[in-house]
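The values are calculated or read from the model by the stated rules, or taken from the named source; none is laboratory data. The model shown is predicted, which means the values in this text are computed figures rather than measured ones. All Cβ positions, glycine included, derive from the backbone under ideal geometry; neighbour counts span all protein chains shown.
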Amino acid sequence: MAASAPTAAPHARLEKPPAYRWWILVANMLAYGQFFLTVQVVNAFSSTVQAEWHLAAADLALLTTVTLAGYALASGIGGKLEKRFGARRTVVGGIAANVVLGLLFPTAGSAYAGMIVLRFLQGVAGGCIASSVVSSTVLWFPVRQRGLAQGLLMGVLGFGFALASLCAPLLLDAGMTWQFAAAVLVVAPGAAIAAVYAVSVRDLGAVYPGADSLADLLPVDGRAAAAGTSGTEMASASEAGACDPRAGATGARTAAVATDAKAVPPDAGSRSQPRPRTMAQARHRLRFWAAIVVGFVNGWLTYGFSTLLPPLLTGDLGFSGDAVAGITSATFVITLVASPVGGILSDRVFGGRRWPVLLIGNTVSAATLAVVPFAPHVLVTGVLVGAYASVSLCCGTFWTLPSELVQPSVAAESTGFVTAVANIGSVLTGFVIGALVDATASALPALYLCVALAALSAAACPLIRQ
């Protein structure tokens, strides 16, 4: 049963973070996982779809690419919708739209052109879901728990991929058409999750009026200890709003944002700058664009694996279709472990700094992908699992950044903007990989392109220093 939402007076201080934040995380994981099951649902039936519609690899990949295109285009809009209507309404609306579109698979999706339209619109719905769940998860957790929370959230991405891949053969064996089976996978969990989210989730501002993030409400001493700053320094910032009778709620809100800004300690040797209060300010920061480069590559690798693995394993490495299904599922399931581990490392080992984990993950990804063609068959699964684990190590860690690189008041807009721009990688990956496979009759050029991009991302990581 979901934890009940706590109540508090405006600007109340909390002795410790509320347990309710964990239910927010669980609900966000369900919503996020359902969308990424939707992303993978056509790839899960890839051999059947390709045979029935006589598609080339690039045409098949387009059925996923258009979903990611809609996702990227709508992510910025999703951030604005969340700011206006709140995360709960935005997420429930996005899931409901996704479910309705899934219901149309057996009819409007019976032809390729109709399915393309439905898949694009599902991506638009997903953009509204994703920007809301990512930013709200960050704002409901203290700084030193955000990496873990986002790691758990991003872990369900791989679970959604794996669940679709595992269930697809079972539904086909039950006599369903692939369109009807895909509709079942999208609609059944989506309807249940939308109902649960609508009745059990409350927005942070509704529970704690006037607070931009949970860090606004934590004890000053606790935040000072976590940030490595003095209690006096943080108390002074709080008192700036509390002691000026003209400031009222605005002063207290400003002070809370100021103290939250100190919760992410600056890296040694880096110039400490106040976090941007507007998106215009953020777009003038090098670290903001470096984060987008890392996000571009993370999106490319995260979604590119589902397009790359089948032709790589069957065409270049000689695995059977059954073996490919097993290897693919094992590769994606590792996200459940690797993504939270990356968050824990950034929270605990690196003290709330995200870039070292991103550097490690991208470096290992480049190295492991480079050796895949030379690995013995018995080791290929382990190497691919290691490669995707390294990609997943970055997932939760990276998606804390859009909210942490700006003030909490623009966290949703920042998340939407970064998602929209960074996910150009997600949009391009299926199309480019599919086109390379068609043009060269091999997945190896696409594999080496992934290696080069991972190396580029590793080079950008130090520029993100917080």
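List the residue pairs whose Cβ atoms are under 7 Å apart, where the first residue sits in segment 419-441 and is in the same structural domain as R287 (by TED's automatic domain parsing), the second is assigned to a loop (DSSP other than H, G, I, E, B) and modelled with pLDDT of 80 or more, and the two are 6 or more positions apart or on different chains.
V437/A443; D438/A56
Residues that are among the aromatic types (F, W, Y), in the same structural domain as G299 (by TED's automatic domain parsing) and at pLDDT below 90: find the helices (runs of 4 or more DSSP H) completely inside segment 326-404 holding 2 or more of those. Before you say what the answer is, go through the steps one by one.
On the way: elements: 335-344, 355-371, 377-398, 401-404.
Where helices (runs of 4 or more DSSP H) fall fully within segment 326-404 and carry at least 2 residues being among the aromatic types (F, W, Y), in the same structural domain as G299 (by TED's automatic domain parsing) and at pLDDT below 90, they are 377-398.
Only one of P142, P189, P169 is in contact (Cβ under 8 Å) with a residue 60 or more places away in the chain and surrounded by fewer than 18 Cβ atoms within 10 Å (Cβ to Cβ). Can you tell me which? Break it down into steps so the answer makes sense when it comes.
Numbers: P142 fails: surrounded by fewer than 18 Cβ atoms within 10 Å (Cβ to Cβ); P189 fails: surrounded by fewer than 18 Cβ atoms within 10 Å (Cβ to Cβ).
P169 is the lone residue from the list that is in contact (Cβ under 8 Å) with a residue 60 or more places away in the chain and surrounded by fewer than 18 Cβ atoms within 10 Å (Cβ to Cβ).
Residues in segment 36-57: is at least one of a type in the set (G, A, S), under 14 Å from the mean Cα position of the chain (by Cα), at pLDDT below 85 and crowded, with 21+ Cβ neighbours inside 10 Å?
Taking segment 36-57 and keeping what is of a type in the set (G, A, S), we get 44, 46-47, 51, 56-57.
Cutting the leftovers down to under 14 Å from the mean Cα position of the chain (by Cα) gives us none.
Looking through segment 36-57, none of the residues is of a type in the set (G, A, S), under 14 Å from the mean Cα position of the chain (by Cα), at pLDDT below 85 and crowded, with 21+ Cβ neighbours inside 10 Å.
Exactly one condition in (1) outside any helix (DSSP H, G or I); (2) within 21 Å of the chain's Cα centre (by Cα); (3) of a type in the set (A, V, I, L, M, F, W, C) is not met by I129; state its number.
Here I129 clears every test but (1).
If you take the residues of segment 59-92 that are out of contact with any Gly (no Cβ under 7 Å at 6 or more places or on another chain), of a type outside the set (V, I, T) and closer than 15 Å to Y32 by Cβ, which of them is modelled with the highest pLDDT?
Among those residues, the one meeting the criterion is R88.
Looking at A111, is it in contact with a Phe, Trp or Tyr (Cβ under 9 Å, 6 or more places away or on another chain), surrounded by 17 or more Cβ atoms within 10 Å (Cβ to Cβ) and aliphatic (A, V, I, L, M)?
Details: in contact with a Phe, Trp or Tyr (Cβ under 9 Å, 6 or more places away or on another chain): yes; surrounded by 17 or more Cβ atoms within 10 Å (Cβ to Cβ): no; aliphatic (A, V, I, L, M): yes.
No; evaluated as a whole, the condition is false for this residue.
Whether any residue in segment 172-191 is aromatic (F, W, Y), more than 24 Å from the chain's Cα centre (by Cα) and part of a loop (DSSP other than H, G, I, E, B) is what I want to check.
Here is the first cut: in segment 172-191, the ones aromatic (F, W, Y) are 178, 180.
Now drop any that are not more than 24 Å from the chain's Cα centre (by Cα), which leaves 178, 180.
The next check asks that each one be part of a loop (DSSP other than H, G, I, E, B); those that pass are none.
Checked segment 172-191: no residue is aromatic (F, W, Y), more than 24 Å from the chain's Cα centre (by Cα) and part of a loop (DSSP other than H, G, I, E, B).
Pick out the one residue from V391, V437, V418 that is within 30 Å of R277 (Cβ to Cβ) and crowded, with 21+ Cβ neighbours inside 10 Å. Step through it out loud before you land on a result.
Numbers: V391 fails: within 30 Å of R277 (Cβ to Cβ); V437 fails: within 30 Å of R277 (Cβ to Cβ).
So the residue among V391, V437, V418 that is within 30 Å of R277 (Cβ to Cβ) and crowded, with 21+ Cβ neighbours inside 10 Å is V418.
Only residues that are among the hydroxyl-bearing types (S, T, Y) and surrounded by fewer than 18 Cβ atoms within 10 Å (Cβ to Cβ): list them for segment 355-380, please. Lay out the reasoning, then the answer.
Going through segment 355-380, the residues among the hydroxyl-bearing types (S, T, Y) turn out to be 363, 365, 368.
T363, the sole residue that qualifies.
Please work out if G210 is on the phi > 0 side of the Ramachandran plot and modelled with pLDDT of 50 or more. Can you show your working first?
Values: on the phi > 0 side of the Ramachandran plot: yes; modelled with pLDDT of 50 or more: yes.
Against the criterion (on the phi > 0 side of the Ramachandran plot and modelled with pLDDT of 50 or more), G210 qualifies.
What do you reckon, is L428 surrounded by fewer than 24 Cβ atoms within 10 Å (Cβ to Cβ), modelled with pLDDT of 90 or more and among the aliphatic types (A, V, I, L, M)?
Values: surrounded by fewer than 24 Cβ atoms within 10 Å (Cβ to Cβ): yes; modelled with pLDDT of 90 or more: no; among the aliphatic types (A, V, I, L, M): yes.
Considered against the rule, which asks whether it is surrounded by fewer than 24 Cβ atoms within 10 Å (Cβ to Cβ), modelled with pLDDT of 90 or more and among the aliphatic types (A, V, I, L, M), L428 comes out as no.
Would you call L163 surrounded by fewer than 22 Cβ atoms within 10 Å (Cβ to Cβ), over 15 Å from T397 (Cα atoms) and not basic (K, R)?
Details: surrounded by fewer than 22 Cβ atoms within 10 Å (Cβ to Cβ): no; over 15 Å from T397 (Cα atoms): yes; not basic (K, R): yes.
For L163, the condition - surrounded by fewer than 22 Cβ atoms within 10 Å (Cβ to Cβ), over 15 Å from T397 (Cα atoms) and not basic (K, R) - is not met.
Only one residue in A455, A411, A420 is assigned to a helix (DSSP H, G or I) and in contact with a Pro (Cβ under 8 Å, 6 or more places away or on another chain), so which one is that? Walk me through how you get there before you give the answer.
Working: A455 fails: in contact with a Pro (Cβ under 8 Å, 6 or more places away or on another chain); A420 fails: in contact with a Pro (Cβ under 8 Å, 6 or more places away or on another chain).
Just one listed residue meets the conditions, A411.
Per-residue answers, yes or no, for (1) of a type outside the set (D, E, K, R); (2) over 21 Å from the mean Cα position of the chain (by Cα):
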| position | (1), (2) |
| --- | --- |
| I334 | yes, no |
| I344 | yes, no |
| R348 | no, no |
| G352 | yes, no |
| V364 | yes, no |
| A367 | yes, yes |
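Surrounded by fewer than 23 Cβ atoms within 10 Å (Cβ to Cβ) and outside any helix (DSSP H, G or I), is that true of P106?
Working: surrounded by fewer than 23 Cβ atoms within 10 Å (Cβ to Cβ): yes; outside any helix (DSSP H, G or I): yes.
Criteria met by P106.
Inspect segment 1-16 for any residue being surrounded by fewer than 17 Cβ atoms within 10 Å (Cβ to Cβ), acidic (D, E) and either over 20 Å from Y197 (Cβ atoms) or modelled with pLDDT under 85 (or both) and give the result as yes or no.
Yes, segment 1-16 has at least one match.
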